[in-house]
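Take a look at the structure below.
The values are calculated or read from the model by the stated rules, or taken from the named source; none is laboratory data. Quantities reported herein were computed from a predicted structural model and do not represent experimental measurements. Glycine also receives a Cβ, built like all others from the backbone with ideal geometry; neighbour counts cover every protein chain displayed.
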Amino acid sequence: MATCKVLPVPPAAKLLVVSPTEKLDSATVCSYSPSGLRDDLLFTIDCARPNSVEVVTPSSCCGLTLVYDAAALAYYVCNAATRAITRVPPYRDPTHASSAGLGFDARTREYKVVRLINGYSHEQEAVRCDVYTPGADCWRPATGRLPFRWTMSVVSAVNHAMMNRTQPVFANGFLHWLISPALLGRRPRAAVISFSVAEETFGCIRSPPFWEPKEHLRPWSQSEGEHLVVMDDQVCIVRNLRNGTPHGSALEIWGLLDYGSGGTLNHRIDLFGHIRRELGEPQVVRVIGSLGNRRSGKKIVIATSKHWVYEKFHKKVYTYDPSCQVLEEMLSVTETHDSVERWIPGSRFSLVEESLAPVHKVVE
């Protein structure tokens, strides 16, 4: 094991956590410190079913977080720093498979909630894209249309997000959805569908080098664990190699330096000893972001979920120091989730970023 150098301590992390209350119609949103102790009660979401509320954004977008109530089919945008929250108007076609993300338009200085929707076979459009902007009373179609040649890739990305609870991420003005070769049935030329929040147009990112021609034939456990994360303002693909073999028990983080390179390997977390037990056994492992930097000492933040009994799950959040390969527990909770499909519950964690970005329409 590598020797861990003494570096300046990175700024204390704040973790946003959604927790149920004793009431049947509300959920609380709290922030937690690295010690794992409750730091502060931020606000309460009233008229929400406690066990069905989840966090959509693994890390905040310019200080804003997108929360979803699966029972009420309602989205909320909140700011942990200002403790402001607003409910997004109801969206159309609630029965369709869909995936939503939160982005920020640097030109207007406002957020947008973007929802990709898979249509039914009898409908004219196989995929639609709806956008909500603050102050509007309803969703509207995106300005740009999806190129027809990318239709099946977007369908795959939406299904992957729904089935495996992998949400889109926002970076550098774009929302990003991961395409699943296993659901597409072939190796796609692109790995990620991107959406410009300002222009409302679509693009794509080239497939990484580890996606082979027979990529869709991989074990399903690897495919469902693959997800996107933003680290150092860079979109990364987390590759799941937790298959239990001596040479294949790892998590790899591939950074997409640009949209045409296909990615480079930034980090490899080998599972051994304590790390194997904590990251190898849970059914779900998600890298949700990073803290610090090279100077202060970077730490990778990892969330896990393990099915316990009935609708209860053991969930933990860790920090991993890649320089000395040390895994430290940040938070451990037991949660109840209603109507969980395939025993993959939604996340209730998000990294908090301090910002004064408003959640309501403001007049300057």
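Cβ contacts < 8 Å: first residue closer than 17 Å to TRP211 by Cβ and among the charged types (D, E, K, R), restricted to the stretch 247-264; second residue modelled with pLDDT of 65 or more and part of a loop (DSSP other than H, G, I, E, B), any location; separation 6+ or different chain. Result?
Close Cβ pairs (under 8 Å, with a partner that is modelled with pLDDT of 65 or more and part of a loop (DSSP other than H, G, I, E, B)) amount to GLU252/PHE210.
Are any residues in the stretch 89-116 of a type in the set (Val, Ile, Thr) and at pLDDT 95 or above, and if so, which ones?
Matches in the stretch 89-116: VAL113, VAL114.
Mind checking which pairs have a first residue in the stretch 152-174 that is farther than 17 Å from VAL229 by Cα and a second that is assigned to a helix (DSSP H, G or I) and small (Gly, Ala, Ser), Cβ under 9 Å, 6 or more apart or different chains?
SER156/ALA182
Exactly one of these conditions fails for MET152: (1) under 22 Å from PRO141 (Cβ atoms); (2) buried (at least 18 other Cβ atoms within 10 Å of the Cβ); (3) more than 18 Å from the chain's Cα centre (by Cα). Give me its number.
(2)
Looking at the stretch 183-202, which of its residues are assigned to a loop (DSSP other than H, G, I, E, B), touching a residue at least 24 places away in the same chain (Cβ under 8 Å) and either touching a Lys or Arg at 6+ places or on another chain (Cβ under 8 Å) or under 16 Å from GLY103 (Cα atoms) (or both)?
Of everything in the stretch 183-202, those that are assigned to a loop (DSSP other than H, G, I, E, B), touching a residue at least 24 places away in the same chain (Cβ under 8 Å) and either touching a Lys or Arg at 6+ places or on another chain (Cβ under 8 Å) or under 16 Å from GLY103 (Cα atoms) (or both) turn out to be ARG187, VAL197, ALA198, GLU199, GLU200, THR201.
Taking the stretch 202-247 as the region of interest, how many residues are among the charged types (D, E, K, R) and modelled with pLDDT of 70 or more?
Number of matching residues: 6.
List pairs: first residue in the stretch 84-102 and at positive phi and touching a residue at least 12 places away in the same chain (Cβ under 8 Å), second residue buried (at least 19 other Cβ atoms within 10 Å of the Cβ) and not acidic (Asp, Glu) anywhere in the structure, Cβ distance under 9 angstrom, at least six positions apart or on different chains.
Pairs that qualify, where the first residue is at positive phi and touching a residue at least 12 places away in the same chain (Cβ under 8 Å) and the partner is buried (at least 19 other Cβ atoms within 10 Å of the Cβ) and not acidic (Asp, Glu), are ASP93/ILE117; ASP93/ARG128.
I'm trying to understand the selection: among the residues of the stretch 283-333, which are among the charged types (D, E, K, R), under 25 Å from PHE170 (Cα atoms), in contact with a strand residue (DSSP E or B) (Cβ under 8 Å, 6 or more places away or on another chain) and surrounded by fewer than 22 Cβ atoms within 10 Å (Cβ to Cβ)?
Those that are among the charged types (D, E, K, R), under 25 Å from PHE170 (Cα atoms), in contact with a strand residue (DSSP E or B) (Cβ under 8 Å, 6 or more places away or on another chain) and surrounded by fewer than 22 Cβ atoms within 10 Å (Cβ to Cβ): LYS298, LYS316, ASP321.
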